[in-house]
1. Residue-wise, which Karplus ³J(HN,Hα) couplings in Hz belong to segment A:611-619, taking 6.51 cos²θ - 1.76 cosθ + 1.60, θ = phi - 60°, and x for glycine or proline?
2. Per residue, what accessible area does chain A have, given a 1.4 Å probe and all protein chains present, in Å²?
3. Could you state how much accessible area is buried at the C-D interface, both sides summed, with a 1.4 Å probe, in Å² to the nearest 100?
4. How far is the Cα center of segment D:52-110 from the Cα center of segment C:41-77, in Å?
5. Relative contact order of segment A:290-430, please, whole-number percent, based on alpha carbon pairs below 8 angstrom and at least 6 residues apart.
6. Which residues of segment D:391-413 show a drop of at least 30 Å² in accessible area when all protein chains are present, compared with their chain alone (probe radius 1.4 Å, heavy atoms only, ligands and nucleic acids excluded)?
7. Angle between the Cα long axis of helix A:47-59 and the longest principal axis of chain A, 0 to 90 degrees, nearest 10?
8. Relative contact order of chain D: what whole-number percent is it, with Cα pairs under 8 angstrom and at least 6 residues apart?
Amino acid sequence: MKSKIGVYICHCGGNISDYVDVNKVREAVKDIDGVEISLDTMFACADSSQTQIANDISEKKLDGLVVASCSPKLHYPTFSAVAERGGLNKYNYVHANIREQVSWAHSDDKAGATEKAIKIVKAAIARVKESVSLEPIEIKAEKSIAVLGAGVAGMRAAKELADLGMQVYLIEREHFVGGRISQLDYLCGADETGKELVTQLYEKIHEHPNVTLFTGAEVIKKGGSIGNFKIKVKITPRYINDTCNKEELLKAIEVCPVEVEDDFNFNITKRKAIYRNYDSEYPQKPTIDNKNCTRCGECEKVCSSIDFSQKEEILDLTVGSILAATGFDPYQPKENEFGWGIENVVTLPQFRRIINMCDDKLVYQGKEIKNIAYIYCVGSRQVDGDNKYCSRYCCTATLYTSILTHKKYKGIKSFHFNRGIRTYGKQEVIYDEASQLGDIFLQSYEYDPATVEENGDKTTVKIKDILTGGQELEVDADLVVLVTGMEPRNDCSIGDVLKIPKGRDRFYNEIHMKLRPVETVIDGVTIAGACQGPKNIMESMNSALSAAAKSYSIVNKGELALEPIIAKVDKDTCIWCGKCAEACPYDAISMIKENGKDIAEINESVCKGCGMCLPVCESDSIDMDGFTNKEIESMINVLAMS
Amino acid sequence: MSTTGKELPKILVFSTEKISDPAIDMAGLLKLHYPPRVYTIPIPCSSAVKPRWILKAFEQGFDGVFIAADGTDCPYGESCTEKTGEIIRRTQEMLKEKGIEPAKLRMAAICSVCSEAFVKHMKTFTEYLVKQKTT
Amino acid sequence: MSEGNKKTVLIMKEKHQVPQDVKDELKFFVKTKKAILKALKEKRMTVPELSEELNMPKDKVLYFTMSLLKYGFVAVDEIDDMDEYFYYKIKDNG
Amino acid sequence: MQENQNIKEYDALVIGAGIAGGEAALNLANVGNKVLLVDKELTVGGKMILLSKVFPTLDCAACITTPKVSEIARHSGITTLTSTEASDIIQKDDGTFEALITTQPRYVVVEDCTGCQLCEEACPVNVEDQYQYGLVGRKAAFIPFSIASPRAAAIDIENCTLCGACERACPTHCIDFTQTVEKYTIKCKSVVVATGFQLFDPTLIPRYGFGRFKNVITSMQMERQLAPTRPFNTVLRPSDGKMPDNIAYVLCTGSRDKTVGTPICSQVCCMYSTKQAQLLMGALPMADITLYYLHIRAFGKGFNEFYAQAQSMGVEYVKGKVAKITEKEDGNLILRYEDINTGKVTETEHDMVVLSVGILPNEGITKLFTNRKLELDPFNYVSQSNPLESPAMTTIEGVFVAGVASAPMDIPDSILSAGAASSESANYIRHISKKTLEV
């Protein structure tokens, strides 16, 4: 039982003290048995406060510490480090959350908030009294990292990690690398195409001895934990031999009788069941689309590289950290949404493909295009739909596309139906350039966007334009381009396997945008690129390199200290009913014989401290450090008091 | 609700460190208010709540207990929903034996961004418990 | 670290001349401080009231009063009936 | 190495200890590199440590910076020097660097200062406090602000009357007027430029009256008024200390304005203004807040939602370019602007106007390098030589850029950019070290 406890209550510069009477809280706890000192502080996390707490611990020989401040997700690590600096075992520190769950949640009820804060601090004191000192469990960390997704973010992270000496497994679900960027024929702010960028990155990882690339591969199971993840990778066959003959393969593609929509070209073209998306694609081998292949055997007749005997494989890998860079999906408009379904209404990604296919004349569906209407924020900033967020990249991408059409074709007229152009930062110059080229901007408010109608052979876009004092304006367009935003991957099964939580926008969520921007609540799993939220290429690269730095720092020492929060069996009362072993998701519990009695034993390095074994034990013989009956029930007792 | 703060029922919430507790934090961040006599004890996983803790809470004077479960988001295993459900079922049996209304123990899956859902649960649960108290 | 009781400021004085405007500024501040504190000793006042009393522009009064608040000479009292201006008073130990 | 036995060696030199430089230094040190972090200011934390809260989460800025700052201060791999600048940086043939380090005297022995503030109490001088953007005074012996790091006093020698009161008052005898400028050379393998930004000076737009009209303030001054370590007891207008109840924001002050030489968007003003508006609604519940804008750039994660939240709280957004501000006798201000909605030139009265000033790159970065050229982009930010593949790379191999030094960006982007810079710098250091070993 702790008897010299230090209690520090943070004002958080008003965030707490504006709603919670901090003095009252301190007064309420200062005379509790075992409380040695109780102080309030403007910022408990400030360096001077940290130093004071650490000094108090060592000078006053405190044996327990409570800091009442913000959410433990923000500063639990800060104050457990302070405890250790003062010479106190960090498990004798208890964090009381009186900001997110008190002052902010009850800013409408100051008296209620203060009463709640008092209870919470008292409960923390009760808990710290029962706390015990624990030592971390040291484990070996695998110096290898799985990078999921071989888009530009994934490849860039893989390259960086490999250069830093890590063994990298780059796992791509598709049969080709490059992700969404390989679909781009021009990039804003660069003299290169998306395909060229992909090629450069591919060449770097391809030659790198530390990178192993798997295509057609998907993580289907994750076990273990930080430092030692055990992942199962399912590899689907390409049905093409390693010793492939290029000439023959081209022939094979030619003879394949199956034609399907080419989703690489956003369904504006067709492809065969044996295919590659473009000539210079990597790896430089076509693949056979198993879903659409009829096994007619035509390709086998002309090509010796075809091998239908290839089977799906399951690979087991052990990695120290996982970096997810699984990308995004372009928003798919709903039927009738801004005229979607009308023949000359296309999405921006489709339009970019069309531009790539038309050399000196812009032609779509056999008609030459002169008047183009761009409709912004399709699938973004939705008033009624789920996507409340801005997709960030699309204003600039659209303006850049528009500029390109002027450079490539003659007589193009562009009309931008927008809700306020967001060319942030240096991208502003692109907006300026488009304006200089004579592009016309028509703007509406969020709740009153442009409409698209089919009038005979014309497609008309109407808007109440706020730039001309709310005039009803309309444009007959040869082509309507829906500027579709980014969405989280529709098939995000990897996220489900890894258990990465999603944010309100359904993209994967970081722990804290500013403190820990590339880490997830799953220890050892980092995120990068557009799977975290809309980003342009440069922003994706920054996040990829940041995530690489973080994953590297997890495993680079080759060892890790794990939380010692694990279940413990009371050998005297255990009667081995086996229920705990059944409940354990990690197979950490087994039966042993001790003193002629069957009892449960817990493997320390396997137990993850989930506590699933606790409630199933018939004899209540399992306790978990930090969550023992004593600790939890002492808190319940205090919280229940009136 | 016409009841004043003092008479409001007390609810103990078992939240989970990685999933539901962040949602409860976010409710605060978004200033979504709920009755202040809701107290949380974060634990690693909702399948770790011992029935004796719940019984203890009622014994000590809590009017309701709410398990903010991980549901399918549980980072520890797929069986979590089932397991937490089983704990609730068993504990409700025990409550019945003790003459405590089993509906005073509730559970719902609260994902890491289910702040609004949490607040709604707290409001309706409080209303329910107020009714129980007065009738 | 300064050695013993020898004041290092004396060494600085030998090589560094204090500019006249710094000296003037100090004089002005000391005078203003006295005037504000004297006025507030009589009764609590708002910035416009102090401005009238001291015959000094309101923005200057605010600047100096806030500085004195920061240094612990002055305390904030209630806001006036119009909810516009705060009253400032002398701090008990100030 | 015969002549310079005493030259200090580091793996990386990080110039600028704001949030980007600090993050880069921590990342580098966390993977075993020895880092020298220099900042010309008296404290680390850059501009961010002076902010009130940060969008879109409304975390207090101090809650995010202070733990980072104290981690930096405590990290065994990081040497932090404040009041210090690096210059005369030479790249050697082997890819390593030499730099001249110049530390200005603080006249306080930082290690001995306990931050007791007795010197501050004793000092008779009152000068404008630069950390409060001139809204209030400070002493000539002073601690920059309560959460500064190091939390140690400094003597502002230019405003010091050499009365000696501070030296007499100091209980630890840490005040030392004999300190002089220190200069020495260091060696390092890589350089991270994280020199941040400066704010646009609104006196360059005389029609807004900043500097003449007391109640026209900058957004940074408002930021200070809203911060926990604020200059006034609450938000007050500087002309007479009245609680304002009708505040206007003029967005794009010094951004997207070719007439003042800044054609680009500053990327943060829309959101910080929206944040301040939300905070003002909390601090002054009766006040009306109006933002005059051209376009709202709410593009980042959670930003658009944050913008919508401000609108639902009652913050008014008026699309219109403010042409001129005039002052009334009572200190109120008349805004003349073209209301885009009506197409008419309109005038409105506010009792306080906040100019949402844009950001500009810090000057003089290129001059730090002697035998290599650190090139700038057309807007005078550090040029990124390969922005899509290696955003931190500059025109000098081994020199990387982090944060706003390369472009306007918000805090999350600065932190990610610092992550990229540290990652590439770590790789360069590894590469150089390997090469030296082979030789």
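1. Working through the residues one at a time gives x, 4, 7, 4, x, 8, 5, 5, 9 Hz.
2. 39 Å²
3. Roughly 3300 Å².
4. A separation of 38 Å, based on Cα centres.
5. 20 percent
6. D:Pro391, D:Pro412, D:Asp413
7. 30 degrees
8. Contact order relative to length: 18 percent.
The values are calculated or read from the model by the stated rules, or taken from the named source; none is laboratory data. The model shown is predicted, which means the values in this text are computed figures rather than measured ones. Every residue, glycine among them, receives a Cβ derived from its backbone with ideal geometry; neighbour counts consider all protein chains shown. Keep in mind that these areas ignore ligands, DNA and RNA; they rest on the heavy atoms of the full protein, side chains included. Shrake-Rupley method; radii C 1.70, N 1.55, O 1.52, S 1.80 Å.
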